[in-house]
Structures are given as structure tokens and as C-alpha cells.
1. Answer with yes or no whether ILE65 is modelled with pLDDT of 95 or more, of a type outside the set (Lys, Arg) and in a strand (DSSP E or B).
2. Which numbered condition in (1) of a type in the set (Lys, Arg); (2) buried (at least 17 other Cβ atoms within 10 Å of the Cβ); (3) in contact (Cβ under 8 Å) with a residue 24 or more places away in the chain is the only one that LYS71 fails?
3. Determine whether GLU29 is open to solvent by less than 60 Å² (accessible area, probe 1.4 Å) and touching a Lys or Arg at 6+ places or on another chain (Cβ under 7 Å).
4. For the range 74-90, how many residues meet the condition of being open to solvent by 60 Å² or more (accessible area, probe 1.4 Å), within 23 Å of ASP11 (Cβ to Cβ) and touching a residue at least 24 places away in the same chain (Cβ under 8 Å)?
5. Could you give me the residue pairs with C-beta distances under 7 Å whose first residue belongs to the range 1-19 and is under 20 Å from LYS71 (Cα atoms) and open to solvent by less than 20 Å² (accessible area, probe 1.4 Å), whose second residue is part of a loop (DSSP other than H, G, I, E, B) and of a type outside the set (S, T, N, Q) wherever it lies, and which are 6+ apart or on separate chains?
6. Would you mention how many residues in the range 26-56 are polar (S, T, N, Q) and over 18 Å from ASP86 (Cβ atoms)?
7. Select from the range 36-57 the residues that are in contact (Cβ under 8 Å) with a residue 24 or more places away in the chain and charged (D, E, K, R) and write down the one among them that is least open to solvent (accessible area, probe 1.4 Å).
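The values are calculated or read from the model by the stated rules, or taken from the named source; none is laboratory data. The structure displayed is predicted, hence computed values, not measured ones. Every residue, glycine as well, gets a Cβ built from its backbone with ideal geometry; the counts of neighbours run over all protein chains shown. When the accessible area is computed, the model is the full protein with side chains, heavy atoms only, and any ligands, DNA or RNA have been set aside. Shrake-Rupley method; radii C 1.70, N 1.55, O 1.52, S 1.80 Å.
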Amino acid sequence: MAMTDVLSAEDIKKAVGQFSGLSSPIAAESFNYKKFFEMVGLKKKSPEDVKKVFHILDKDRSGFIEEEELKFVLKGFTPDGRDLSDKETKALLAAGDKDGDGKIGADEFATMVAES
């Protein structure tokens with residue numbers, strides 16, 4: 001399954017572009033997951049679609065999105081996405097890791113999206 005099976009390719013392009021630092025004044029160290037989830041259209045999706053996006057981002061299929069996978073979260077939406085900085089990655093992990101196990105599970109991801 002591709003991300004474009006769940007989300008609009010145009011919304012993905014706009015949202016990833018917003019945080020690329022190339023086509024907007026928003027540059028590196030500026031990733032805001034709440035704004036990104038809203039721009040990409042994830043916030044309006046059903047719980048089932050949110051879970052599909054989670055599974056696409058869970059590259060190693062462990063059932064969790066670990067810190068290493070979070071670094072490449074924008075690439076999970078489109079190959080043109082930039083890598084998150086270490087600071088952005090740690091902030092995203094801290095926002096999503098509600099139980100403190102160092103990774104984001106499907107329910108934690110759904111909560112992050114709902115709270116965005």
C-alpha cells in the first residue's frame with residue numbers, strides 16, 4: 001500500500017514542501033507534526049486510514065515506529081521528503097511516546113493525530 005492510497009498526492013506534496021526549507025521560509029528545525037498532520041489531511045481521516053498510515057511508516061513492520069524510522073518520517077510520505085534533524089526526531093518521539101518505551105505504537109500514533 002502506498003501513502004497516496006490513503007492521502008491526496010497534492011496534499012502530501014504541499015505539506016512536505018512546507019517543511020522542506022526549499023519552497024517556503026519554514027526551514028530545518030521547524031517540523032511541526034500537528035501542522036503537518038493537518039496539512040496532509042491525516043486529521044480528517046478515519047481511524048482505519050490513520051492505522052494504514054501508521055503501518056506504512058512502520059518500515060520494519062515491528063508494530064512500532066522507532067526513533068530511527070521517525071527520522072525519515074517525511075520520506076514515508078514522499079521520497080522527496082527531507083530527513084528530520086535529531087532535535088526534531090526527539091521532539092516527535094517525545095510527543096508520541098505516551099508510555100515512555102522509546103517508540104510509538106499504533107494507538108499512540110492515533111492519539112497524536114487526534115490531538116493535532
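1. Numbers: modelled with pLDDT of 95 or more: yes; of a type outside the set (Lys, Arg): yes; in a strand (DSSP E or B): yes.
In short, yes.
2. (3)
3. Working: open to solvent by less than 60 Å² (accessible area, probe 1.4 Å): no; touching a Lys or Arg at 6+ places or on another chain (Cβ under 7 Å): yes.
So GLU29 does not fit the description; no.
4. Total satisfying the criteria: 1.
5. ILE12/VAL40; ALA15/VAL40; VAL16/ASP80; VAL16/GLY81; PHE19/ILE26; PHE19/PHE31
6. Taking the range 26-56 first, the residues polar (S, T, N, Q) are 30, 32, 46.
Filter once more, so that each one left must be over 18 Å from ASP86 (Cβ atoms): 46.
Final tally of qualifying residues: 1.
7. ASP49
Yes or no, residue by residue, for (1) aromatic (Phe, Trp, Tyr); (2) out of contact with any helix residue (DSSP H, G or I) (no Cβ under 9 Å at 6 or more places or on another chain); (3) within 18 Å of GLY41 (Cβ to Cβ):
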residue	(1), (2), (3)
GLU69	no, no, no
LEU74	no, no, yes
PHE77	yes, no, yes
GLY81	no, no, yes
ASP86	no, no, no
LYS90	no, no, no
ALA94	no, yes, no
ILE104	no, no, no
ALA114	no, no, yes
